[in-house]
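Worksheet: the structure to be examined is printed underneath.
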Amino acid sequence: MGGPAAGLWLSGERSALEAAPWLESFCEVRIESDDSLEFYVRQPSAVGLYGLERLSLSPFHLGPESLEDYQELDFPGLDRPPTAELALLAHSSGRDNHLLLGHLAHFLAERFDALIDFGGLLGYGFSLHDLSREDEKDCLAEVRALVSSLPGRVWEMPYAAHGGGYGYSHVGDLEFLAAWLGHPNFHMIT
């Protein structure tokens, strides 16, 4: 799976299978044995996208994901820390799949009453691990300016990185995601 991804942060245990009835009206859905779904979108217009070629679109996956890397740092700033996550993944990249993934994340987050974990820092496509402290500080200032210019709520969530250290991911609400979808630099994280 080499495409973009997003996490749906849930306040209680939920199953990806609950999304099947919501998706079946505009997707071809296949239920997997491990509490997950694979699906193709037949009608992108159902989530607000018009003019996309169905043939250029990736299959998508929705299934449970661990919050372990975030739990270690206690979800700073969240009034209601998540207890579960469902990962939404596109199997391949490309502008249309980024757009469709973002719109699907909005559609599903609205129904699950979820926050959206973007899986990294928006506006910055590389790891902070290789940066000097000064370069990291500059990068964070740049991405903070970008996300603070958009309506809605967004958090810069730290997570424990493999091999020690930490990383950051933006987590936003529905209003923030809707604004990000309309931003000229919109992209999801691959």
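Where a number appears in this text, it was derived from the coordinates with a stated rule and is not lab data. Everything quoted here is computed from the prediction, not taken from an experiment. Positions of Cβ are generated from backbone atoms using ideal geometry, with glycine treated the same way; all protein chains shown enter the neighbour counts.
Some notes on this structure:
- Theoretical ellipticity at 222 nm over the chain - DSSP helices of four or more residues, -39500 (n - 2.57) apiece, nearest 500: -7500 deg cm²/dmol
- Total formal charge among the other residues, if their Cβ is under 12 angstrom from that of L121, Lys/Arg +1 and Asp/Glu -1: -3
- Mean Kyte hydropathy of -0.5 or more with a Cα span along the axis of at least 18 Å, helices from DSSP in the chain: 95-112
- Taking a sphere under 10 Å around the Cβ of P158 and counting the other residues whose Cβ falls inside, with K and R at +1 and D and E at -1, yields a net charge of -4.
- Volume per residue that the Cα convex hull of the stretch 1-132 spans, once the total is divided by residue count, Å³: 129
- When the Cα atoms of the stretch 61-190 are aligned to their principal axes, the ranges along those axes come out at 38, 33, 30 Å in descending order.
- Of all stretches in the chain that contain no chymotrypsin sites (Phe, Trp or Tyr not before Pro) in a DSSP loop with at most 13 other Cβ atoms within 10 Å, the longest one is 51-125.
- Nearest-0.05 FRET efficiency for D74 and I31, computed from C-beta distance (R0 30 Å): 0.30
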